[in-house]
Amino acid sequence: TGNDLTEPLTFNCTPINCSSLLGPMDDFKAFLGPETALAVFVDFKRLLESNKGVLPFSAAHVGRQTREGLAGIREFTMCEIEHFSDPANKSFPKFDKVAGQLLKLYTEFSQMNAHNLVEMSTYAAVERGIVANETLAYYMARCQIFLTKVGVDPARIRFRQHLSSEMAHYAQECWDAEVQTSYGWVTCARNVQRAHYDLHQHHKATNVKLV
């Protein structure tokens with residue numbers, strides 16, 4: 001454009017939490033939570049009791065959420081499913097129904113070595129250790145099925161594995177379901193193996209036995 005350039009400034013290119021000011025003098029900075037999952041963890045003990053104390057079980061809920069950086073959207077409706085399973089047994093009873101589902105996987109290795117994504121069945125992804133277990137792979141497959149049912153072109157869907165350097169503090173493994181749009185690849189769902197991090201933190205803070 002020929003316009004003068006400003007001095008360089010610090011810019012957070014991956015913001016998540018929307019900030020706000022609280023108090024009568026706006027002297028307390030607060031951040032709005034970027035997800036609805038925490039409500040499920042608070043209710044975990046009651047949910048487990050309602051399932052007769054048996055694992056696995058799932059809890060799903062829908063809510064309004066705020067988050068920075070999502071293609072210009074600041075508030076949106078989010079649906080989350082939290083699936084709780086036995087840490088010693090992460091097999092999934094309905095896995096056979098999606099075992100042949102083909103997934104396009106953009107693994108951490110592929111990203112770090114400038115390789116293309118790989119396409120393989122859900123079964124092969126688990127068997128080869130690319131996806132951690134049947135439970136995580138099942139929900140990835142179901143996520144893809146949902147996206148195609150609402151009209152997304154399967155050729156424009158991929159699952160990108162989070163790099164070790166970008167992994168959330170609570171995550172052991174994470175795959176973003178991304179859709180190729182005019183903006184580029186946009187994350188529309190996230191499949192995370194959170195392990196027991198959240199429940200462990202609640203236990204530490206309250207000293208209440210959850211299981």
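The values are calculated or read from the model by the stated rules, or taken from the named source; none is laboratory data. Note that this is a predicted model, so its numbers are computed, not measured. Here Cβ is always computed from backbone atoms with ideal geometry, including for glycine, and neighbour counts include all displayed protein chains.
Here are the numbers for this structure:
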{"read-out": "Residue match in segment 127-134 (condition: closer than 20 Å to Ser110 by Cα, surrounded by 15 or more Cβ atoms within 10 Å (Cβ to Cβ) and β-branched (Val, Ile, Thr))", "value": "yes"}
{"read-out": "Near pairs, Cβ below 8 angstrom, 6+ apart or cross-chain, from segment 7-25 (closer than 17 Å to Arg74 by Cα and assigned to a loop (DSSP other than H, G, I, E, B)) to any residue that is aliphatic (A, V, I, L, M) and at pLDDT 75 or above", "value": "none"}
{"read-out": "Positions within segment 161-176 being without any contact (Cβ under 8 Å) to a residue 40 or more places away in the chain and touching a Ser or Thr at 6+ places or on another chain (Cβ under 7 Å), in sequence order", "value": "Asp176"}
{"read-out": "Answer residue from segment 135-162, given it is of a type in the set (Ser, Thr, Tyr) and within 17 Å of Gly100 (Cβ to Cβ) and is surrounded by the fewest Cβ atoms within 10 Å (Cβ to Cβ) among those", "value": "Thr148"}
{"read-out": "Glu119 being exposed (fewer than 13 other Cβ atoms within 10 Å of the Cβ), charged (D, E, K, R) and within 18 Å of Val186 (Cα to Cα)", "value": "no"}
{"read-out": "Residue satisfying condition, being of a type in the set (A, V, I, L, M, F, W, C) and within 29 Å of Val42 (Cβ to Cβ), within set Ala205, Ala155", "value": "Ala205"}
{"read-out": "Among residues of segment 99-115, those that are within 21 Å of Ser165 (Cβ to Cβ) and surrounded by fewer than 17 Cβ atoms within 10 Å (Cβ to Cβ), counted", "value": "7"}
{"read-out": "Segment 164-176, residues that are surrounded by 12 or more Cβ atoms within 10 Å (Cβ to Cβ) and either closer than 17 Å to Phe109 by Cα or polar (S, T, N, Q) (or both)", "value": "Met167, Gln172, Glu173, Cys174, Trp175, Asp176"}
{"read-out": "Tabulated pairs, segment 110-126, first of a type in the set (Phe, Trp, Tyr), second buried (at least 16 other Cβ atoms within 10 Å of the Cβ) and modelled with pLDDT of 95 or more, C-beta under 7 angstrom, 6+ apart or interchain", "value": "Tyr123/Ala99"}
